[in-house]
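Peer 1: Please see the structure below; I have some questions.
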Amino acid sequence: MKRSRRIVVLCHCLLNASAIVEGEAAYPGVLEKLLVPLAREGTGIIQLPCPECSFLGLKRWGMTSEQYDTPTFRRHCASILETALDQTEDALANGVDILGIVGVKGSPSCGVLTTCLGFRGGVSGCGQAARRSEGEGIFIRTLREELGKRRLFLPMTEVENGNPETARWEMIRENLAKGRRP
């Protein structure tokens, strides 16, 4: 069978709901509305690592971008991105079409346009003491910076993984193809 030579880069929790802060996952395993159509059309996936899990583990509580915005966490993000960045760079150099990067709306780490702000700790998701706001999450900001260092520029968009019905691959693919964010 011939390969499609087409790939999309996805944030970790879109393929693994177990990585999401306890009590916040809105789907049991993978975000099917996104992944099933993507797989059917033959698009491959580069899965980004989860910076929050690899930094604090599964027993962490919900935090905000401001709480994650520390030199240590930013350095951690840059470090764990190396393999995915190498894979992306190599794919592009060998004629693979990277459609873009899909982040997670409202995530303190993986938000592309919308993140979670607030200084009080122990929040659940982006509720209670935190609020959603325009801006990039720390991991996505680091990803964009690291891509720039390699002179790689890819379109990015985000999905609402808390509302799986709205995370449709057709809409995401269209946003990435136009090179725009939602």
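Peer 1: What number goes with the only condition from (1) of a type in the set (A, V, I, L, M, F, W, C); (2) surrounded by 13 or more Cβ atoms within 10 Å (Cβ to Cβ); (3) within 24 Å of F119 (Cα to Cα); (4) touching a Ser or Thr at 6+ places or on another chain (Cβ under 9 Å) that A19 does not pass?
Peer 2: (4)
Peer 1: Mind counting the residues in the stretch 49-60 that are surrounded by 14 or more Cβ atoms within 10 Å (Cβ to Cβ) and either in contact (Cβ under 8 Å) with a residue 12 or more places away in the chain or assigned to a strand (DSSP E or B) (or both)?
Peer 2: 7
Peer 1: List pairs: first in the stretch 79-94 and under 13 Å from F139 (Cα atoms) and free of Cβ contacts under 8 Å to residues at least 12 places away in the same chain, second among the hydrophobic types (A, V, I, L, M, F, W, C) and surrounded by fewer than 17 Cβ atoms within 10 Å (Cβ to Cβ), Cβ under 8 Å, 6+ apart or cross-chain?
Peer 2: The qualifying pairs do not exist here.
Peer 1: OK, next. Could you tell me whether S4 is part of a loop (DSSP other than H, G, I, E, B) and of a type outside the set (D, E, K, R)?
Peer 2: yes
Peer 1: Are any residues in the stretch 43-61 of a type in the set (A, V, I, L, M, F, W, C) and out of contact with any Leu (no Cβ under 8 Å at 6 or more places or on another chain), and if so, which ones?
Peer 2: From the stretch 43-61, those of a type in the set (A, V, I, L, M, F, W, C) are 45-46, 48, 50, 53, 55-56, 58, 61; that's our starting set.
Across the stretch 43-61, the qualifying residues are C50, C53, F55, L56, L58, W61.
Peer 1: Select, from I80, I46, the only residue that is out of contact with any Gly (no Cβ under 7 Å at 6 or more places or on another chain) and in a strand (DSSP E or B).
Peer 2: One residue alone meets the criteria, I46.
Peer 1: Follow-up. Among the residues of the stretch 25-48, are any over 23 Å from L176 (Cβ atoms), hydrophobic (A, V, I, L, M, F, W, C) and either in contact (Cβ under 8 Å) with a residue 24 or more places away in the chain or surrounded by 12 or more Cβ atoms within 10 Å (Cβ to Cβ) (or both)?
Peer 2: Yes.
Peer 1: Considering only residues of the stretch 7-23 that are in a loop (DSSP other than H, G, I, E, B) and under 16 Å from the mean Cα position of the chain (by Cα), which is nearest to L176 (Cα to Cα)?
Peer 2: C11
Peer 1: Would you be able to say whether some residue in the stretch 100-115 is modelled with pLDDT under 95, over 20 Å from A19 (Cα atoms) and outside any loop (DSSP other than H, G, I, E, B)?
Peer 2: no
Peer 1: While we're looking at this one, here's another question. What's the number of the condition I140 fails, among (1) modelled with pLDDT under 95; (2) under 10 Å from the mean Cα position of the chain (by Cα); (3) over 16 Å from W61 (Cα atoms)?
Peer 2: (1)
Peer 1: Given the criteria over 22 Å from E170 (Cβ atoms) and either among the acidic types (D, E) or modelled with pLDDT under 95 (or both), does L58 qualify?
Peer 2: yes
Peer 1: Run down T72, T64 and say which single residue is out of contact with any Leu (no Cβ under 6 Å at 6 or more places or on another chain) and either free of Cβ contacts under 8 Å to residues at least 12 places away in the same chain or β-branched (V, I, T) (or both).
Peer 2: T72
The values are calculated or read from the model by the stated rules, or taken from the named source; none is laboratory data. Remember, it's a predicted structure, so these values are computed and weren't measured experimentally. Cβ sites come from the backbone with ideal geometry, for glycine too, and all protein chains shown count toward neighbours.
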